[in-house]
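Undergrad: Got a structure for you, written out below as structure tokens; questions coming shortly.
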Amino acid sequence: MCTNADANITHMVREMMFGLCEEFEYLECSRCGCLQLLQIPEDPAKYYGEQYYSYKKSPHGVLKSILRRRLVQHVFGGKNLIGMALSRCTAAPDYCDWFKKCSVEWDSAILDVGCGIGDRILKMRNDGFRDLTGIDPYIERDIIYDCGVKVYKRHIYDIDGDFDFIMLNHSFEHMDYPFAVMKNLHRLLKPGGHLLIRIPVAASYAWRKYGVHWVQIDAPRHLFLHTPQSIAILASESGFKIADVKYDSYGFQFWGSEQYKRGISLTDQRSYCVDPRKSIFSKEQIKAFRAKSTALNANKEGDSACFFLHKT
């Protein structure tokens, strides 16, 4: 990212989501701290497959969907007693904070880059947002849902449009040529539009603690693990201004990394995300991991963050 060629070091990292244990070499920049996969696999789709989480559709219960819609409408100024009551005991979807911060409205044109089959934007459509498009190069084919949500099998270079808000929810780290990607994101945004890049952060406590066992490296799917410094370089070079950064890591950085240290993949039957009852962690440990993550976020040391960028 910063063109530095001095005193960089390399790390060998195993594929551990599916337990393949193949090793991949990452370079760590001694100046900006960005981690970069040195050799991209010839067939990257091999490391995704049907079992990859973003290609699974989560269940949308009718009652739950109705209640969630009322809550979101209340958050965005709609007057309804159900939403008001829910807001006192239920957290709003994470995107509510993003949209309010970036002045997104019900009819704003929204693009989700790397959206899988579009589960997130389908929920947004149910919540009341009306102009929603997604792209992902690894889905089987274009998907046009009855509700009007469109998901295209395309790369960022292959789409045209004029969007108010573009979001990359843990997809930017999967993309090669980040400068070219940023230039195209700038091209697709309307003047004054906003870009959300939500990514793992290499300048974090978890990377320092766990090194090559840090779960968020996710070799070889993550091509770049950025730092605030490398994102600042990208933003400046592509015509964006960083408006805000919000750290949003959670306990995964601990239990996932601890599993990897012990050779337990995310898909192993002992994995916490497969069956918590068979996990190596107690409820007290999981609770402690969550509390530690909250503290790290407050100190800007969490291992994931939302970067809010404004088109200048």
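The values are calculated or read from the model by the stated rules, or taken from the named source; none is laboratory data. Keep in mind that what you see is a predicted model, and the values were worked out from it rather than measured. When we count neighbours, we look across all protein chains shown, and the Cβ atoms used for this are built from the backbone with ideal geometry, even at glycine.
Undergrad: Please specify each residue of the range 100-153 satisfying the condition of being in a helix (DSSP H, G or I) and out of contact with any Asp or Glu (no Cβ under 8 Å at 6 or more places or on another chain).
TA: Lys100, Asp119, Leu122, Lys123, Met124, Arg125, Asn126, Asp127
Undergrad: Which pairs do you get when a residue that is under 18 Å from Met124 (Cβ atoms), found in the range 137-162, comes within reach of a residue that is surrounded by 11 or more Cβ atoms within 10 Å (Cβ to Cβ) and among the polar types (S, T, N, Q), reach meaning Cβ atoms under 9 angstrom, with the pair 6+ apart or on two chains?
TA: Correct list of pairs: Cys147/Asn126; Val149/Thr133; Lys150/Thr133; Val151/Thr133; Tyr152/Thr133; Gly161/Thr133.
Undergrad: Select, from Arg221, Arg290, Arg262, the only residue that is over 20 Å from the mean Cα position of the chain (by Cα), surrounded by fewer than 21 Cβ atoms within 10 Å (Cβ to Cβ) and on the phi < 0 side of the Ramachandran plot.
TA: Arg262
Undergrad: Please enumerate the residues belonging to the range 206-237 that are of a type in the set (S, T, N, Q) and either under 15 Å from Asp176 (Cβ atoms) or touching a helix residue (DSSP H, G or I) at 6+ places or on another chain (Cβ under 7 Å) (or both).
TA: Once the filter is applied, which keeps residues that are of a type in the set (S, T, N, Q) and either under 15 Å from Asp176 (Cβ atoms) or touching a helix residue (DSSP H, G or I) at 6+ places or on another chain (Cβ under 7 Å) (or both), the range 206-237 yields Gln216, Ser230.
Undergrad: What single numbered condition from (1) of a type in the set (Ser, Thr, Tyr); (2) touching a Gly at 6+ places or on another chain (Cβ under 8 Å); (3) without any contact (Cβ under 8 Å) to a residue 24 or more places away in the chain fails to hold for Thr312?
TA: Failing condition for Thr312: (3).
Undergrad: Can I ask one more? For the range 170-183, what are the residues that are more than 24 Å from Asp119 (Cβ to Cβ) and either in a helix (DSSP H, G or I) or under 14 Å from the mean Cα position of the chain (by Cα) (or both)?
TA: Result: Pro178, Phe179, Ala180, Met182, Lys183.
Undergrad: Further, regarding this structure: When you scan the range 295-304, do you find a residue that is assigned to a helix (DSSP H, G or I), within 26 Å of Pro228 (Cα to Cα), of a type outside the set (Asp, Glu) and in contact with a helix residue (DSSP H, G or I) (Cβ under 8 Å, 6 or more places away or on another chain), even just one?
TA: Yes, the range 295-304 has at least one match.
Undergrad: Against the definition (out of contact with any strand residue (DSSP E or B) (no Cβ under 7 Å at 6 or more places or on another chain), outside any helix (DSSP H, G or I), aromatic (Phe, Trp, Tyr) and free of Cβ contacts under 8 Å to residues at least 24 places away in the same chain), how does Tyr272 come out, yes or no?
TA: yes
Undergrad: Something else now. Please enumerate the residues belonging to the range 118-138 that are of a type in the set (A, V, I, L, M) and under 24 Å from His186 (Cα atoms).
TA: Passing the criteria: Ile121, Met124, Leu132, Ile135.
Undergrad: Hey, another quick one. Tally up the residues in the range 84-106 that are surrounded by fewer than 19 Cβ atoms within 10 Å (Cβ to Cβ) and either in contact with a Phe, Trp or Tyr (Cβ under 8 Å, 6 or more places away or on another chain) or at positive phi (or both), please.
TA: The qualifying residues number 5.
Undergrad: For the range 190-266, which helices (runs of 4 or more DSSP H) that fit wholly inside it have 2 or more residues that are touching a His at 6+ places or on another chain (Cβ under 8 Å) and within 21 Å of Phe24 (Cβ to Cβ)?
TA: Result: 252-261.
Undergrad: Conditions: (1) in contact with a Lys or Arg (Cβ under 7 Å, 6 or more places away or on another chain); (2) buried (at least 22 other Cβ atoms within 10 Å of the Cβ); (3) farther than 30 Å from Lys292 by Cβ; (4) of a type in the set (A, V, I, L, M, F, W, C). Leu168 meets all but one. Number of the miss?
TA: Result: Leu168 passes all but (3).
Undergrad: Hey, among Lys261, Lys283, Lys287, which residue is of a type in the set (Lys, Arg), within 20 Å of Ala202 (Cβ to Cβ) and modelled with pLDDT of 95 or more?
TA: Only one candidate passes the filter, namely Lys261.
Undergrad: Name every residue in the range 170-209 that is within 24 Å of Arg120 (Cα to Cα) and hydrophobic (A, V, I, L, M, F, W, C), in order of residue number.
TA: Those that are within 24 Å of Arg120 (Cα to Cα) and hydrophobic (A, V, I, L, M, F, W, C): Phe172, Met175, Val181, Met182, Leu185, Leu188, Leu189, Leu195, Leu196, Ile197, Ile199, Val201.
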